[in-house]
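Chemist: Structure below; questions to follow.
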Amino acid sequence: MNYWLLKSEPDTYSIDDLARDPQHAEHWDGVRNYQARNMMRDQMKLGDQAFFYHSNCKEPGIVGIMEIVRESYPDFTAHDPASNYYDPKSDPDNPRWYMVDVRHVRTLKRTITLTELKAQAPLAEMPLVRRGNRLSIMPVSAEQWRYILTLA
DNA sequence: GCCAACGTTGGC
DNA sequence: GCCAACGTTGGC
């Protein structure tokens, strides 16, 4: 099993939105970066777990845990002109972008803030805490996963 | 709102 | 294939 960290801006889609969904599950759409797409498309497997990370907000950090409940399939929002994620260059017959389905596992009692994560020596290698990293999907090692959970 | 860092685009 | 210009991300 693999572990991941998925970023979302809470103003757009928050952990509460996911928890509120009747199925507690949603498609993770709008990934428009090739590196992130490749990881999602090629390495994200059913049953993998992922941290839900709130970005670009007052208190950026890890707020919850999700599980991958459907492996990658074409991101239909890329072909919807009304969508913010519309990509006219993506051919529906040869989709450029993919998404997975995630299920809410639990919301942490508190946010593990980016500031706090940056202060942890065992997490120094995480792309998240490294300068200038903007990947919206990144792998988390089993060691890092366990360590982060001890902070919660 | 600022701006550094990074990815993408497209002319050449 | 290079690289300047531009757009986006996301912390602060």
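Chemist: Within the range A:125-147, how many residues turn out to be at pLDDT 95 or above and out of contact with any helix residue (DSSP H, G or I) (no Cβ under 7 Å at 6 or more places or on another chain)?
Modeler: Qualifying residue count, the range A:125-147: 6.
Chemist: Which of (1) under 15 Å from A:Leu6 (Cα atoms); (2) surrounded by fewer than 19 Cβ atoms within 10 Å (Cβ to Cβ); (3) of a type in the set (A, V, I, L, M, F, W, C) does A:Ala82 not meet, given it meets every other one?
Modeler: Of (1) under 15 Å from A:Leu6 (Cα atoms); (2) surrounded by fewer than 19 Cβ atoms within 10 Å (Cβ to Cβ); (3) of a type in the set (A, V, I, L, M, F, W, C), only one is false for A:Ala82: (1).
Conditions tested, residue by residue: (1) surrounded by 15 or more Cβ atoms within 10 Å (Cβ to Cβ); (2) under 19 Å from A:Ser83 (Cβ atoms).
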| residue | (1), (2) |
| --- | --- |
| A:Trp4 | yes, no |
| A:Asp17 | no, yes |
| A:Arg37 | yes, yes |
| A:Tyr53 | yes, no |
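Chemist: From the set of residues in the range A:116-129 that are more than 17 Å from the chain's Cα centre (by Cα) and free of Cβ contacts under 8 Å to residues at least 40 places away in the same chain, which is surrounded by the fewest Cβ atoms within 10 Å (Cβ to Cβ)?
Modeler: So the residue we want is A:Ala121.
Chemist: Restricting attention to the range A:29-43, report how many residues are part of a helix (DSSP H, G or I) and either of a type in the set (A, V, I, L, M) or under 15 Å from A:Ile62 (Cβ atoms) (or both).
Modeler: 3
Chemist: Taking the options A:Arg131, A:Arg110, A:Arg103, name whichever one is within 16 Å of DNA strand B (Cβ to nearest atom) and not hydroxyl-bearing (Ser, Thr, Tyr).
Modeler: A:Arg131
Chemist: I need a count of the residues in the range A:1-28 that are within 15 Å of A:Asn56 (Cβ to Cβ), at pLDDT below 95 and in a strand (DSSP E or B).
Modeler: Of the residues in that region, 0 qualify.
Chemist: Taking the condition of being touching a Pro at 6+ places or on another chain (Cβ under 9 Å) and not hydroxyl-bearing (Ser, Thr, Tyr), how many residues in the range A:45-57 meet it?
Modeler: Selection size over the range A:45-57: 3.
Chemist: So is A:Arg130 more than 16 Å from DNA strand C (Cβ to nearest atom) and of a type outside the set (Ser, Thr, Tyr) or not?
Modeler: no
Chemist: Restricted to the range A:58-113, and to residues that are modelled with pLDDT of 95 or more, among the polar types (S, T, N, Q) and out of contact with any Pro (no Cβ under 8 Å at 6 or more places or on another chain), which residue is farthest from A:Ser14 (Cα to Cα)?
Modeler: Among residues in the range A:58-113 that are modelled with pLDDT of 95 or more, among the polar types (S, T, N, Q) and out of contact with any Pro (no Cβ under 8 Å at 6 or more places or on another chain), the one farthest from A:Ser14 (Cα to Cα) is A:Ser72.
The values are calculated or read from the model by the stated rules, or taken from the named source; none is laboratory data. No experiment lies behind these values; they were computed from the predicted model shown. So basically every Cβ, Gly included, is an ideal-geometry build from the backbone, and we count neighbours across all protein chains shown.
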